[in-house]
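*Asks:* If you scroll down you'll find the structure; I have some questions about it.
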Amino acid sequence: MTAKSLMNEYPPAQDRLVTLANWRTQPFNDWSYRNVRRLLPTADIPASRTPSPFDDARQDIGGITLQDAEGKTIALNAWLRGTRTNGFVVLRNGRIVTEWYGEGMNGTTPHIVFSVSKSICGALGGVLAAQGVLDPDRPVTAYIPEIASSVYGSGGCTVRHLLDMSVGIKFEEDYLDPEGDVARYRRAVGWDVTPPGHSVIDLRGFLGMQKPDGKTHGDTFHYVSTNTDMLGWVYERASGRALSDLLSDHLWKPMGAEVDAYITLDAHGAMRAAGGICAAPRDLARFGEMIRRRGVVDGRQVVPGSWIDDINENGSAEAWARGDFAEVFPGGNYRSKFYQIDRKRRTLACLGIHGQYIYIDPPSETVIVRVGSDHIPLDLPATHTWRRAFDAIAAHFS
């Protein structure tokens, strides 16, 4: 069954119907990841009226080779065709080198990016901090006092701890446990239907229920999505504005985005900062290029260069080494929602489950975007293979 055959009748046949019960499974996610707003409530993130244009510098890079998870050599073109890649964009010095799209996709089709949303919200934090709206060193309760009885109100938890995923929180980010923390979290954000016998709760109520794990805040990198939803709530309370409007006015419009993005909402209108942004591949490339250029687009400073320097220079190597992903990116780092996967090259990455990536390599002037509908939420062999693919492309241009 292909994406083209899903949701194409009125009403669709039962086996071709995409619902909240199946939208993150194959083959249904081939359709749903580019049609999220037909399944969930959303808020627009308006784009610029004058999009920043791309120069065209296309060349055939499909023959670049990489090692797959089994150690076999494979050409990039074959790798793209053989994986559930929905969109692939490569920029060199801001110019489009190549684009590749799967069925139903093009460069202006919004696609859910899951936790790449975190990096987008991390960049927004730099703008708000520079404006004096946000102080990363203040306690979370300075902005959201009603959260005082949760982990976010204990032990001196600060906005910086939210930004750096170093909250000592008792939460396991296990995407496959049907009764685990993530399953309850998905029901709170409205991504899954609440089964009979389970209590119904909204996102902000769920955040208020989170408890400490006994570790000191700031000591360990512990990847928990609720930290970014808490951060989005802090942004809204600090500014008095909706997260979608902040993202539009401070990022999407000034960076010259071409297409309105959007973000998913829970039943009470809370926006899912941690994973609910849907954006076009070309605009994701614009975002990556803006980060590569230290926050500058067409001579305009969109995100403060000092914020991006801080991402590159001030992540805690010790917290990373003690954390969840130390074996995924040995010698890596994490700061303000960005992964630093090569400290010497200052290579940054934004990652989302089911195969969403932005790769930013300043030495080779390369930005790469991949959006996909991979079956497994977190497939580490595939992540390593994509890393090798991105590194091979960067090496080609170095």
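*Asks:* For the subset of region 15-26 comprising residues that are within 13 Å of Met1 (Cα to Cα) and not β-branched (Val, Ile, Thr), which member is farthest from the chain's Cα centre (by Cα)?
*Replies:* Asp15
*Asks:* A follow-up question, please. Within region 354-367, is even one residue in contact with a Ser or Thr (Cβ under 7 Å, 6 or more places away or on another chain), assigned to a helix (DSSP H, G or I) and assigned by the TED database to the domain that holds Val127?
*Replies:* yes
*Asks:* What are the residues in region 305-325 that are part of a loop (DSSP other than H, G, I, E, B) and touching a residue at least 24 places away in the same chain (Cβ under 8 Å), if any?
*Replies:* Gly315, Ser316, Arg322, Gly323, Asp324, Phe325
*Asks:* Still on this structure, please answer the following. For Arg34, only one of the following conditions fails: (1) surrounded by fewer than 18 Cβ atoms within 10 Å (Cβ to Cβ); (2) of a type in the set (Lys, Arg); (3) touching a Ser or Thr at 6+ places or on another chain (Cβ under 7 Å); (4) closer than 18 Å to Ile358 by Cβ. What is its number?
*Replies:* (1)
*Asks:* Continuing with this model, one more query. Which one of Ser150, Ser119 is surrounded by 20 or more Cβ atoms within 10 Å (Cβ to Cβ), at pLDDT 95 or above, under 24 Å from Asn333 (Cα atoms) and out of contact with any Asp or Glu (no Cβ under 8 Å at 6 or more places or on another chain)?
*Replies:* Ser119
*Asks:* While we're on this one: Restricting to region 377-390, and then to whatever is in contact (Cβ under 8 Å) with a residue 60 or more places away in the chain and within 19 Å of Tyr334 (Cα to Cα), can you tell me which residue is surrounded by the most Cβ atoms within 10 Å (Cβ to Cβ)? Please lay out each step first, then the result.
*Replies:* Of all residues in region 377-390, those in contact (Cβ under 8 Å) with a residue 60 or more places away in the chain come to 377-378, 381-382, 384-385, 388-389.
With within 19 Å of Tyr334 (Cα to Cα) added as a condition, the list becomes 378, 384.
Details: Leu378: 18, His384: 15.
Out of the qualifying residues, it is Leu378.
Quick grid of which residues meet (1) without any contact (Cβ under 8 Å) to a residue 60 or more places away in the chain; (2) not in a loop (DSSP other than H, G, I, E, B):
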residue: Ala21; (1), (2): no, no
residue: Arg37; (1), (2): no, yes
residue: Ala43; (1), (2): no, yes
residue: Ser52; (1), (2): no, no
residue: Arg81; (1), (2): yes, yes
residue: Val90; (1), (2): no, yes
residue: Glu103; (1), (2): no, no
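*Asks:* Quick check on Asp374: is it assigned to a loop (DSSP other than H, G, I, E, B), assigned by the TED database to the domain that holds Tyr101 and either surrounded by 24 or more Cβ atoms within 10 Å (Cβ to Cβ) or under 16 Å from the mean Cα position of the chain (by Cα) (or both)?
*Replies:* Working: assigned to a loop (DSSP other than H, G, I, E, B): yes; assigned by the TED database to the domain that holds Tyr101: yes; either surrounded by 24 or more Cβ atoms within 10 Å (Cβ to Cβ) or under 16 Å from the mean Cα position of the chain (by Cα) (or both): yes.
Judged against the criteria, Asp374 is a match.
*Asks:* Could you list all residues from region 135-147 that are touching a Ser or Thr at 6+ places or on another chain (Cβ under 8 Å), crowded, with 17+ Cβ neighbours inside 10 Å and in a loop (DSSP other than H, G, I, E, B)?
*Replies:* Correct list: Pro136 only.
*Asks:* Run down Val127, Val167 and say which single residue is among the β-branched types (Val, Ile, Thr), in a loop (DSSP other than H, G, I, E, B) and surrounded by 16 or more Cβ atoms within 10 Å (Cβ to Cβ).
*Replies:* On the way: Val127 fails: in a loop (DSSP other than H, G, I, E, B).
Residue meeting the stated conditions: Val167.
*Asks:* Right, here's the next one. Scan (1) within 25 Å of the chain's Cα centre (by Cα); (2) at negative phi; (3) not acidic (Asp, Glu) for the single condition Lys72 breaks and write down its number.
*Replies:* Only one criterion is unmet by Lys72, namely (1).
*Asks:* So which residues in region 186-238 are surrounded by fewer than 22 Cβ atoms within 10 Å (Cβ to Cβ), touching a residue at least 24 places away in the same chain (Cβ under 8 Å) and among the hydroxyl-bearing types (Ser, Thr, Tyr)?
*Replies:* Scanning region 186-238 gives Thr216, Thr220, Tyr223.
The values are calculated or read from the model by the stated rules, or taken from the named source; none is laboratory data. Just so it is clear, the structure is predicted and the values come from calculations on it, not from any experiment. Note that we place each Cβ from the backbone using ideal geometry, even for glycine, and neighbour counts take in every protein chain shown.
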